[in-house]
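Trainee: Below are the C-alpha cells for one structure; questions will follow.
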Amino acid sequence: MRFDAGHICDAEKPSRLDAFDPRCRVLCGLAFSAALVCARLPGLLAGCAVPLLLLFAGRPAELAEVLAHVNAAAVFVWILLPLTVPGTRAAGVFSVEGLSLALLTTCKLNLISVTLIRMVAALGVERIDSVLGSFRIPEKMRVLLLLTARYVFLLAERVATMTRAVRLRAPDLRGRRMCAAFACMLGTTLVHSSDRAERSMLAMRCRAGGDTVLRGFSQCRPMRWRARDTALCLFFAANIAAVCFCR
Amino acid sequence: MHISEGFLSPQVLAAGWVAAGVGTAVGLKKLKTDKIVRVAVFSSVFFLASLVNVRIGPASTHLSLIAPVGLVLGWSVFPALLTALLLQAVLLQFGGLLVLGVNTTDMALPGLIVYLLFAARIRRENGPAAAVFAFAAGFSAVILAAAGAGCFLTLSDPGMAGAVKVFLAAHLPLALAEGAITLVMVEFLKKTAPDILSE
C-alpha cells in the first residue's frame, strides 16, 4: 500500500485566460463541454479548434503531463471495447463498432478535459468558491468546500507521516495484517483530526458568537464583467453552434 | 471508480446531476452548522483515500472508504462527496466536472444505502455481529458503486456492457479489501471514539 500525495497542487499558475472574468470562464467552459458531449466525430472535428487554442493558452508541457494521466482510462477503453462490443469483426478479433466507440470516447475525453482544465480547474479553489457564491450556491456548501480544501492538505501531511511510520516499523507487511495496520492508522488520523477540527470550530464560535460563525467565512472576491468577457462568450457561442451544426 | 469525461450520454449526465442535486439539498438541510467541520474532515478523508494505492497482482487500485464515510455522515454523505469529488476534479483531474453529478450519485448513494441498512445495527451490536455488519457495509458499498458505474456506462451506450463485466470483476478484490478496512475502522472507532458512530 502506498500513499501518493506528491501531485496535489494548489498553486494557481498565471495564464492568459486570467484576463477574463471567472464566471465567464466557467459558463463558457461548461457550455462548450456540454456541446462536445452531445457531438459525434464530425462535431468534435468542428469543435477541436477551441481546445487546441486553450492548449497553448498556458504551459502545454504541463497540460500534456496531466493528459497522459487522464488517458489511463482511454488505454482500458482501447483494450476492452474492440474485444467486447458486438458487431463486424476486423481481422477476426476486433470489432469495428468497438474501435469506432473507443475513438469517439478518447476524442471526447481529451477535448473536454483540455477545455475544463484550462477554463475551470485552472481557476483554483478560492476563485471557484467566488464563482459559486455569485451563482447563489448555499453558504454551507461553500464553507464545506473551503474547509475540505484546508483539511485535505493538513490530513495529507499527517497521513504521509503515519504511512512512513507504518512502513518503517513493518516494511514487509502483507495481507490481513497490512489492512489492519492501515485501517488503524487511518482511524487514528481520523479521530485526532475530527477532534481537533471540532475544537477549532468551537473556538471560532466562542469568538463569533452563536450561529454567526458561517457568516462571512467564505467571502467572494470582487468580479467585473468586461467587454472582452462578452466577446469570449460570443466566440464560444459561435463554436458551440458549429459543433451542434456538424454533429 | 471515477467515471471520466466523454464516456456518458447527455441524458445520463443530466439524470446524475438531478439525483446529486436532490441528495445534496437534503443533506445540506439536515446538516447542522456545528457538524459542518466533521463533514469537512470526512470529506477530506475520502479525498485522500483515493491517493492510497493498493497493489492487486501486477496492477493497483485505490481505496474509496465510501462505507466508513457513509456510516458516519448519513445524508450528509452527498454534500461531503460532492465537495471531495469537485476538489479531486480541480486539483488532481480525477473524474471530471461534467461527470461530477454522476460520480457523486454513484458513490454517495451506496454510502447512504449502507448507512440506512447497517449504521443502527453496527451501533447496537457488539463483537462478531458488529464486525460482520461492518464488513458487509464496506464490501457492499464498493460493489454497489461499481454496479452503479456499470449501469451509467451501459445506459449511455449498450455496447459497453461487455467492458462493464470486466470492470465489475476487477472491483471484487477492492471490495474485499474495503470490507476488511471498514471492519477494522469501525471496531477502532467503537473502542476509541464511539460518539462519532453514535449520531
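Trainee: Considering each of A:G58, A:G29, A:G47 in turn, give the residue that is assigned by TED's automatic domain parsing to the domain that holds A:C107 and under 15 Å from A:T106 (Cα atoms).
Mentor: Exactly one of A:G58, A:G29, A:G47 is assigned by TED's automatic domain parsing to the domain that holds A:C107 and under 15 Å from A:T106 (Cα atoms), namely A:G47.
To keep it simple, each residue is scored yes or no on (1) touching a Gly at 6+ places or on another chain (Cβ under 6 Å); (2) at pLDDT below 95.
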position: B:V72; (1), (2): no, yes
position: B:G101; (1), (2): yes, no
position: B:T104; (1), (2): no, no
position: B:G111; (1), (2): yes, no
position: B:A119; (1), (2): no, yes
position: B:I122; (1), (2): no, yes
position: B:A129; (1), (2): no, yes
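Trainee: What number of residues within the stretch B:97-122 are among the aromatic types (F, W, Y) and either surrounded by 24 or more Cβ atoms within 10 Å (Cβ to Cβ) or in contact with a His (Cβ under 8 Å, 6 or more places away or on another chain) (or both)?
Mentor: Adding up the residues that qualify gives 1.
Trainee: Would you confirm whether any residue within the stretch B:5-20 is modelled with pLDDT under 90 and assigned to a helix (DSSP H, G or I)?
Mentor: Among the residues of the stretch B:5-20, not one is modelled with pLDDT under 90 and assigned to a helix (DSSP H, G or I), which makes the answer no.
Trainee: Just give me the residues in the stretch A:180-199 being out of contact with any Lys or Arg (no Cβ under 6 Å at 6 or more places or on another chain), within 7 Å of chain B (Cβ to nearest Cβ) and either more than 17 Å from A:A160 (Cβ to Cβ) or without any contact (Cβ under 8 Å) to a residue 24 or more places away in the chain (or both), in sequence order.
Mentor: A:A180, A:A183, A:C184, A:G187, A:L190, A:V191, A:A197, A:E198
Trainee: Identify, by number, the condition in (1) of a type outside the set (A, V, I, L, M); (2) surrounded by fewer than 17 Cβ atoms within 10 Å (Cβ to Cβ); (3) within 8 Å of chain B (Cβ to nearest Cβ) that A:R136 doesn't meet.
Mentor: So the condition that A:R136 fails would be (3).
Trainee: Failed condition for B:D34, given (1) within 30 Å of A:L41 (Cβ to Cβ); (2) at pLDDT below 90; (3) not aliphatic (A, V, I, L, M), with all others met?
Mentor: Checking B:D34 against (1) within 30 Å of A:L41 (Cβ to Cβ); (2) at pLDDT below 90; (3) not aliphatic (A, V, I, L, M), the one that fails is (1).
Trainee: Name the residue, out of B:F139, B:F135, B:F78, that is within 14 Å of another protein chain (Cβ to nearest Cβ) and closer than 30 Å to A:V37 by Cα.
Mentor: The match here is B:F78.
Trainee: Does the stretch B:182-195 include one or more residues that are among the hydroxyl-bearing types (S, T, Y), closer than 29 Å to B:G6 by Cβ and either part of a helix (DSSP H, G or I) or modelled with pLDDT under 95 (or both)?
Mentor: Scanning the stretch B:182-195, I find no residue that is among the hydroxyl-bearing types (S, T, Y), closer than 29 Å to B:G6 by Cβ and either part of a helix (DSSP H, G or I) or modelled with pLDDT under 95 (or both), so the answer is no.
Trainee: Next up: Counting only residues that are under 22 Å from A:A49 (Cα atoms) and in contact (Cβ under 8 Å) with a residue 40 or more places away in the chain, how many does the stretch A:101-132 have?
Mentor: Looking only at that region, the number is 17.
Rundown of residues vs (1) surrounded by 19 or more Cβ atoms within 10 Å (Cβ to Cβ); (2) in contact (Cβ under 8 Å) with a residue 24 or more places away in the chain, yes/no style:
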position	(1), (2)
B:L144	yes, yes
B:A149	yes, yes
B:P158	no, no
B:P173	no, yes
B:A177	yes, yes
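Trainee: More than 11 Å from the chain's Cα centre (by Cα) and within 16 Å of A:L186 (Cβ to Cβ): which single residue out of B:V12, B:V41 fits that description?
Mentor: Among B:V12, B:V41, only B:V41 is more than 11 Å from the chain's Cα centre (by Cα) and within 16 Å of A:L186 (Cβ to Cβ).
Trainee: Residues B:L86, B:L97: which one is outside any helix (DSSP H, G or I) and among the aliphatic types (A, V, I, L, M)?
Mentor: Exactly one residue qualifies, and that residue is B:L97.
Trainee: Next question, about the same structure. Looking only at the stretch A:170-185, count every residue that is over 14 Å from B:E178 (Cβ atoms) and either surrounded by 18 or more Cβ atoms within 10 Å (Cβ to Cβ) or among the hydrophobic types (A, V, I, L, M, F, W, C) (or both) and tell me the total.
Mentor: Matching residues across the stretch A:170-185 total 5.
Trainee: Moving to a separate point now. Of (1) assigned to a helix (DSSP H, G or I); (2) more than 11 Å from chain A (Cβ to nearest Cβ); (3) closer than 26 Å to A:R158 by Cβ, B:V26 satisfies all except one. Which?
Mentor: Status for B:V26: all satisfied but (3).
Trainee: Quick check on the stretch B:107-125. Is at least one of its residues within 12 Å of chain A (Cβ to nearest Cβ) and over 16 Å from the mean Cα position of the chain (by Cα)?
Mentor: Of all residues in the stretch B:107-125, those within 12 Å of chain A (Cβ to nearest Cβ) come to none.
No: zero hits.
The values are calculated or read from the model by the stated rules, or taken from the named source; none is laboratory data. Here the structure is a predicted model, which is why all the values come from computation and not from measurement. Note that we place each Cβ from the backbone using ideal geometry, even for glycine, and neighbour counts take in every protein chain shown.
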